[in-house]
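Worksheet: the structure to be examined is printed underneath.
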Amino acid sequence: MPADRILLGRIGRPHGVRGHVRVQSFTADPCDIASYGPVSDDTGTRTFRLRVVQRGELPVVAVEGVADREAAAKLTGTALYVARDRLPAPAEDEFYHADLIGLVVEDASGRRLGTVASVNDHGAGAFLEIDTGAQPLLLPFTRAAVPVVDLAGRRIVVDPPAEVVVPPSPRVPEGAAA
């Protein structure tokens, strides 16, 4: 995904027979999903104008041009993106997920552990999935576990909790560049 677009939400199941859909919104207030103007799909080829018709954790949204349940069902799972320049700058110690993905992950000693593959939150708090080249490493995205986020340096420093098993560094054959 290009860095100039940010994922705002994902269309869920249809709601009713008039073409409305539930939306999983990734905005601070879920109902702000329609506040940033037209959104587009992951390819950028389809554009949608949204209007919140029922507030809630999963707002019910009318999509311009979608008038029945069958058409709404075809949109299920569609990711909704907005141009980055239409969003406010994140506050200090806040980050857009897109800014974290791909950052190098190091421990306090400078040992490279991998790169951020994704940022997830399934209801119990955000966590980072670190691609280690072997089994993924999952870390809570808290100040204690991630004390340094250096966007300019394209890296984060982690201090995994004791219960998180950090895989050993991959072995580099003698004579090979690290």
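Looking at A67, A62, A72, can you tell me which residue is more than 21 Å from F141 (Cα to Cα), aliphatic (A, V, I, L, M), assigned to a helix (DSSP H, G or I) and not assigned by TED's automatic domain parsing to the domain that holds G125?
Working: A67 fails: assigned to a helix (DSSP H, G or I); A62 fails: assigned to a helix (DSSP H, G or I).
When all the criteria are applied, what remains is A72.
When the residues of region 94-113 are narrowed to those that are part of a loop (DSSP other than H, G, I, E, B) and under 16 Å from the mean Cα position of the chain (by Cα), which ends up surrounded by the most Cβ atoms within 10 Å (Cβ to Cβ)? Step through it out loud before you land on a result.
Filtering region 94-113 for residues part of a loop (DSSP other than H, G, I, E, B) gives 94-96, 101-103, 108-111.
Within this subset, residues satisfying the condition of being under 16 Å from the mean Cα position of the chain (by Cα) are 94-96, 101-103.
Working: E94: 10, F95: 16, Y96: 17, I101: 16, G102: 12, L103: 20.
Residue satisfying both the conditions and the ranking: L103.
When residues of region 19-58 are filtered for being acidic (D, E), in contact with a Leu (Cβ under 8 Å, 6 or more places away or on another chain) and in a helix (DSSP H, G or I), how many remain?
0
Please specify each residue of region 114-150 satisfying the condition of being more than 26 Å from Q24 (Cβ to Cβ), modelled with pLDDT of 90 or more, out of contact with any Lys or Arg (no Cβ under 9 Å at 6 or more places or on another chain) and surrounded by 13 or more Cβ atoms within 10 Å (Cβ to Cβ).
Answer for region 114-150, where residues must be more than 26 Å from Q24 (Cβ to Cβ), modelled with pLDDT of 90 or more, out of contact with any Lys or Arg (no Cβ under 9 Å at 6 or more places or on another chain) and surrounded by 13 or more Cβ atoms within 10 Å (Cβ to Cβ): just G114.
On the given criteria, is Y81 part of a loop (DSSP other than H, G, I, E, B) and crowded, with 17+ Cβ neighbours inside 10 Å?
no
Every residue in region 28-72 that is surrounded by fewer than 17 Cβ atoms within 10 Å (Cβ to Cβ) and closer than 18 Å to H97 by Cα, please.
Correct list: A28, D29, D32, D41, D42.
Output the residues belonging to region 140-156 that are among the aliphatic types (A, V, I, L, M), part of a loop (DSSP other than H, G, I, E, B) and more than 20 Å from L7 (Cβ to Cβ).
A144, A145, V146, A152 - these are the residues of region 140-156 that are among the aliphatic types (A, V, I, L, M), part of a loop (DSSP other than H, G, I, E, B) and more than 20 Å from L7 (Cβ to Cβ).
Could you run through region 4-50 and say how many residues are touching a residue at least 24 places away in the same chain (Cβ under 8 Å), under 20 Å from F95 (Cα atoms) and among the charged types (D, E, K, R)?
Total satisfying the criteria: 3.
In region 114-139, what residues are out of contact with any Ser or Thr (no Cβ under 8 Å at 6 or more places or on another chain), hydrophobic (A, V, I, L, M, F, W, C) and part of a strand (DSSP E or B)?
Across region 114-139, the qualifying residues are V116, A117, V119, A126, F127, L137, L138, L139.
The values are calculated or read from the model by the stated rules, or taken from the named source; none is laboratory data. It should be emphasised that the depicted structure is a prediction, and the values quoted were computed from it without experimental measurement. Glycine also receives a Cβ, built like all others from the backbone with ideal geometry; neighbour counts cover every protein chain displayed.
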